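The values are calculated or read from the model by the stated rules, or taken from the named source; none is laboratory data. Since the model is a prediction, treat every value here as computed from it, not as a measurement. All Cβ positions, glycine included, derive from the backbone under ideal geometry; neighbour counts span all protein chains shown.
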Amino acid sequence: MLKKSLRVVTALFLIALITFSSITLLARMGRGLKVDLTEDRIYMLSDETKKIIGGLTHTTRLKLFYSRTEALKGLDSLRPYSNYFFYVRDLLREYTSASHGKIVLEIIDPKEESREEREALGYGLRPIPTTDDDRFFFGLVLATEFGQERTIALLTPDRQQQAEHDITEMIYSATAQAKKKIGILSTLHTDGAASATGPKGWFVLERLKAYYDVTMLPPDSFSFQKLDAVMVIHPRALPDPTLTALDEYVLGGGKLVVFQDPYFTAAPHGDGSADAPDRSGSNLNRLLSAWGCEMLPDTVAADPSFASTMQPARDGGARKTATLMALRGHAVSHEDGVNPGVGLVRVFNAGKLQVKPVSGITATPLLRTSESGYTVRADGTIHGVSGANETVLLGVRLTGTFHSAIAGDPPTDKAADISASPAGSKGNPVVVVFSDVDMLTNAMARPEAASVSGGNLDLVLATMEGLTGSVSLTAMKARGKIMRPFTALDQMERDFDRSVAPKVAELQTEIAAAESELQGLARKTPDGEELLLKEEILRKRKILEGKISRAREELGGIQHKKKEMTDGLLSQLKIFIVFAAPILVLSIPALIIVIGFVVRYLRLRRKQWATAN
């Protein structure tokens, strides 16, 4: 009997030992063998991120400030941030794993009145006030060995789908050793005179400075040869030396981006701000016409299928206008890898680009209206439809062999040997043309101006990335959401609401009728004082109040029943989750033991069979 009990104890001990060993082994294997089983692969880093991380040569520290102590208080307002923390933490661990030691992650809990809290405030993190003057921190700080710092003051759950983009942007902007050089030439007036500093305060230009070595050029610039790309904004009455320099720059293999406009208004509304109307046209037809692209003067594109609501005017009204377009879908071209990550582009009073065949040059559409587009005349006030419906080009990319637009017209003989021509361009020049300048203003280009990811800012960044060959951050697609819909629970709630809808409507009608009758019992004098109610009226009022109370209590019972039903389903799910994992782990040693017994039994049978023969 004692031996039998000892065998049982030994067997239980071995099972426990095997279970513990299995858990430890699986945990160790899991650290190196990771599989992202989420539907949208939300924990997988993009190729662009891996490229940037792979280029790191010095240690970069990521400090994730998260008020764990404050989050443990269980405030409902902090629950979304707490759930988001686990996703950000796991994503950052993927960064550290892919960097092979070049990225070091620190998770810091900035407790009240602590050194860590003072450090968080010193970095400019933005805390969320909670109870009793406490503060909740959830931000990310990047620090390099060379003193470069970048900060996300508050990590908000609504940015979850752009989390990788935001983190990678921090790393790239702080660690890029040699940024591409771009020049921005603008003729816009900022203080009543032409300014070499460009449009002050434009968000697009400020973001470009985070990725590139930006030089603001005066309108009379005459040398661009040392720049990786040149952006010309509102080219109005450029002097001949500047046009000649741009012509030579393109022929030398340069990359040129032009934002011209037949009717520049700076914003869809004139409110006296920094983006106050400057209604004047501009174009670079002197050069572009010779290269196969020309913008018609005083002609504005419109498309009712993309029409957007104009911001309320001073009279408080709001209306849709066909010249304020939110281009999406097929209107934003993605052929041949152009416009990666761009899903929406907003333009206002954009011009019509006409493309004509020029030998050696290929034109690729970038932006266009739908087939229901048309053009209107613009001469002080917009009026009059000109022509029938058509697809209007708003953005074009020109590639190929360019000839000087200043020296004379390009050859029209398609059989001519372009490569042998001494006037032919060298290298791989590219010219990108957009027929709108308003699209660069804050009202159109700020991220909040776009209802979906990939707005005007991403269009500009994608264009410059394509021209300069720099890292394509805009190509990062928005990730899937970490909060997936609970379809079974949602369907259960819909079925329940459908089944009780008649009863709920009946009770609500009963409450409304009783309240209306109750209000009718009170009569007021002209002075606003209530008249003395008789005993019969008081009794009737008490009956109505009781009726309302019972109806509301019954409505509350329906909602309580619904809550009990959903809570029951969630409780069953929690029980399954709690017990499923241990059972799965225990099944591994149990399976090993069963296989061992089977192997032993088969060996014994084989031995017996061999002995019998």
request  = State all residues of region 353-375 that are over 26 Å from Pro304 (Cβ atoms), over 31 Å from the mean Cα position of the chain (by Cα) and surrounded by 18 or more Cβ atoms within 10 Å (Cβ to Cβ); if no residue qualifies, say none.
outcome  = Val358, Gly360, Ile361
ask   = Mind checking which pairs have a first residue in region 497-512 that is farther than 23 Å from Gly546 by Cα and a second that is hydrophobic (A, V, I, L, M, F, W, C) and surrounded by 13 or more Cβ atoms within 10 Å (Cβ to Cβ), Cβ under 9 Å, 6 or more apart or different chains?
value = Asp497/Val504
task = Give the number of residues within region 106-137 that are under 14 Å from Leu62 (Cβ atoms), crowded, with 17+ Cβ neighbours inside 10 Å and in contact with a helix residue (DSSP H, G or I) (Cβ under 8 Å, 6 or more places away or on another chain).
result = 1
request  = Determine whether region 92-102 contains at least one residue that is in contact with a His (Cβ under 8 Å, 6 or more places away or on another chain) and touching a residue at least 40 places away in the same chain (Cβ under 8 Å).
outcome  = yes
inquiry  = If Leu78 satisfies all but one of (1) among the aliphatic types (A, V, I, L, M); (2) at pLDDT below 85; (3) part of a helix (DSSP H, G or I), what's the number of the condition it fails?
reply    = (2)
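To keep it simple, each residue is scored yes or no on (1) touching a Lys or Arg at 6+ places or on another chain (Cβ under 9 Å); (2) not in a loop (DSSP other than H, G, I, E, B).
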| site | (1), (2) |
| --- | --- |
| Lys73 | no, no |
| Asn83 | no, yes |
| Tyr87 | no, yes |
| Glu113 | no, no |
| Glu117 | yes, yes |
| Arg126 | no, no |
note = Within region 72-88, restricting to residues that are among the hydrophobic types (A, V, I, L, M, F, W, C) and touching a residue at least 12 places away in the same chain (Cβ under 8 Å), the one that is surrounded by the most Cβ atoms within 10 Å (Cβ to Cβ) is Val88
request  = Scan region 98-116 for residues that are hydroxyl-bearing (Ser, Thr, Tyr) and touching a Gly at 6+ places or on another chain (Cβ under 9 Å) and jot them down.
outcome  = Ser99
request  = Return the total of residues in region 287-303 being farther than 16 Å from Phe259 by Cβ and either within 34 Å of the chain's Cα centre (by Cα) or outside any strand (DSSP E or B) (or both).
outcome  = 7
request  = Could you tell me which numbered condition Asp436 fails, if it satisfies all but one of (1) modelled with pLDDT of 80 or more; (2) assigned to a helix (DSSP H, G or I)?
outcome  = (2)
request  = Say whether the condition of being at pLDDT 90 or above, crowded, with 22+ Cβ neighbours inside 10 Å, of a type outside the set (Val, Ile, Thr) and within 30 Å of Leu243 (Cα to Cα) is met by at least one residue in region 261-272.
outcome  = yes
ask   = Scanning for something assigned to a helix (DSSP H, G or I) and surrounded by 15 or more Cβ atoms within 10 Å (Cβ to Cβ), does region 55-66 turn up at least one residue?
value = no
